[in-house]
Amino acid sequence: MRTIHATIVSAAVLVSMSACAGPERRISLATYEDKVYASWLGQCIGNMYGLAHEFKYNDQPRTEPIDGWAESSLDRIRKAGGAFSDDDTDIEYVDLFCMEKYGPEPTYEQLAEFWKLCINRKIWVANRSARDLMDKGYLPPLTGRRGLNPNWFQIDPQLVCEIWAVTAPGMLDYAAAKADWAARVTNDDYGTHPTIWYNTMYAAGFFETDVEQLCRIGCEHLPAGSIFREAIDDVRQWKAEHGDDWVAVRKRIKEKYHDREGLPEEVATSRVGALLNGALGVLALLYGQGDFEKTMNYACMAGYDADNQCATLAGLVGIMHGSGAIPRKYTHILDGWEAPLNDFYKNLTRDHLPDARITDMARRTAALGRQLVLEHGGRIEHGAEGDVLVINPQARYIAPLEVRLFPIHLDAGSDAVLQVEVIGGVPEARRRVTIAGSLPAGMESEWRGPELVIAGTPKRVGRYEITATVASGAASRTTALPVFVHRPNLARSAARILAAITKPTGGGSRDLEVLRDASTREVYDSYDGENTLEEDFYGYEWPGPVSIGRLVFVDGPVCKDGGWFETLGVQYRDQQNQWTPVANLEVIPPLTPATAGKGGTMFVLAFEPVTTTAIRIIGKPGGSAQFTNVKELSVYEK
């Protein structure tokens, strides 16, 4: 057991308040509660309404008017008996329970507790990757970090973070900062910027109904130089040029933010990208002009991941105008419903949580909002016409103080440096970090300039528990952080990486080195737009014989067109230079349609050891496009 004491002194950082911060804002408590209710109604309606249009209009938008509910959506609503959970609302439903347990400003560690308990299925891209990283011992914000989460630039947080702004009415700087904090559970860099834009508009929407003004307010809260600021300016400019021709504006969005015409090479995008779908959200907001139905229809007709724009914007319009302004055709969908959406939310997706009444969800959310306002300089005034919520718009969000180690996965026998990272806390304050626990043999703490690190060459395979405490003023936080030391990965000594497709054109990395980079930061996929493969493979070749008895394969995200192996085997190069199946292969967990279709699964492939100069995994690629995704392929002696 070794204990290390160190003091980390942060540089003084001045946090400026935006120009939008001003005098107190006042809203009747009844109006606030109704707008919170409208936000839940709007998001549920927009989500269910948009599902029928998700990814239906990619190359070209829909120009035929949408008359109303699709029959497929109505069937699901009938079965649920009201609203039903989907990823536009169900992660916020989890966040509601987390805030009720820990308060309206939970830590990342507390949020991860609820993710691991409740969010285990029906999640995709950045959410899926973040959840997988939690299973590997990582905590946010590392779960969203560029370099660890290969989907850090995708759409996910802009459709699951609205509750953080709904509970911060009129607190624009607070909502923007908290949105960035929340988005980093799954995303990084400009992958968080559409979330900041949406959440700032949500906080402003309690007092502002002009969509042009809301769009401007949201844009002003984005970091200087943000590529998403550029996207908003592009859509505004194209709208000014094309007027009512929204199809022409949508065409230009697709050309730049999907087809990459004029987009810098280093900027990441995809059909589920934050930038592309964020820009389509700007289009729907501006052309929808604050009208609930028009906004939803533009969001759906513009295409791509349409249900997400539809849900988030419907929730925003709900806040702007209140529940009474949502057309009855969208609230009283089925005959016999006396309350909007039958006042019922069917939980189909989140573990260990009950079904709920939407009015109760709204009541509980508003209660958290009242608590937050009071904790940040606001108050409630009692009057003859009812209670009034008085809000401090200069409220500042200070992320909870936490500490992390990075990286936490090491190879025995390989030099390593663990960085000590302090998260949150008052930026201007001095911080003291204390580390206790059993460090891996061969590693010690040391100073490298102003930074405390744990460095050395880990010698023994195992899991090591390190307790880190960070103190800043009166605040302190202690976190148990695991460090894993693994057997040496033979993949790193290979002279050549083998793949069926070496020049892919899909959304993954073009660099085969991601197969052995000891992280899941990026994905390599075998889609090239031309070849369909009967068999796909990945492997390694060494300059001389090596002994191998186990492979670890982590697959990447899947889509409806492909991305997975339907079958999976292991072959080695024998003495006759022929590819030969290994003997007694066991795949853990077994490859089934369920595990293959999940994406992000770690498969251990154990077999009778072989001595060889090359080895590969091989199998039939799934989906109509017949390609596979791989995050990591490790090779071990036993």
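Listed values, structure above:
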{"item": "Unique residue being in the same structural domain as Cys300 (by TED's automatic domain parsing), more than 23 Å from the chain's Cα centre (by Cα) and of a type in the set (A, V, I, L, M) when the list is Val185, Val249", "result": "Val249"}
{"item": "Top-ranked residue in the range 62-82 [being assigned to a loop (DSSP other than H, G, I, E, B) and charged (D, E, K, R); ranked as nearest to Leu280 (Cα to Cα)]", "result": "Arg62"}
{"item": "Matching helices (runs of 4 or more DSSP H) fully within the range 87-151 where at least 3 residues are modelled with pLDDT of 95 or more, under 30 Å from Ile45 (Cβ atoms) and in contact with a Phe, Trp or Tyr (Cβ under 9 Å, 6 or more places away or on another chain)", "result": "90-102, 108-118"}
{"item": "So Asp59, is it part of a loop (DSSP other than H, G, I, E, B), of a type outside the set (A, V, I, L, M, F, W, C) and assigned by TED's automatic domain parsing to the domain that holds Thr269", "result": "yes"}
{"item": "Test for Asp415: is it touching a Ser or Thr at 6+ places or on another chain (Cβ under 6 Å), more than 28 Å from Leu111 (Cα to Cα) and either of a type in the set (Phe, Trp, Tyr) or in the same structural domain as Thr469 (by TED's automatic domain parsing) (or both)", "result": "yes"}
{"item": "Extreme residue, farthest from Val461 (Cα to Cα), among residues of the range 413-434 that are modelled with pLDDT under 90 and of a type outside the set (Val, Ile, Thr)", "result": "Glu428"}
{"item": "Strands (runs of 3 or more DSSP E) fully within the range 427-472 counting 1 or more residues that are touching a Ser or Thr at 6+ places or on another chain (Cβ under 9 Å), under 17 Å from Glu402 (Cβ atoms) and among the small types (Gly, Ala, Ser)", "result": "430-437, 462-472"}
{"item": "Options Arg448, Arg431, Arg404: the member that is crowded, with 20+ Cβ neighbours inside 10 Å and either more than 24 Å from the chain's Cα centre (by Cα) or free of Cβ contacts under 8 Å to residues at least 60 places away in the same chain (or both)", "result": "Arg431"}
{"item": "Residue within the range 216-223 that is among the charged types (D, E, K, R) and either under 22 Å from the mean Cα position of the chain (by Cα) or not in a loop (DSSP other than H, G, I, E, B) (or both) present", "result": "yes"}
{"item": "Test for Met320: is it in contact with a His (Cβ under 8 Å, 6 or more places away or on another chain) and either at negative phi or not assigned by TED's automatic domain parsing to the domain that holds Lys56 (or both)", "result": "no"}
{"item": "Matching option when the condition is of a type in the set (D, E, K, R) and without any contact (Cβ under 8 Å) to a residue 60 or more places away in the chain, among Arg121, Arg184", "result": "Arg184"}
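The values are calculated or read from the model by the stated rules, or taken from the named source; none is laboratory data. From a predicted model like this one, the values you see are computed outputs, not experimental measurements. We place every Cβ from the backbone using ideal geometry, glycine too, and count neighbours over all the protein chains shown.
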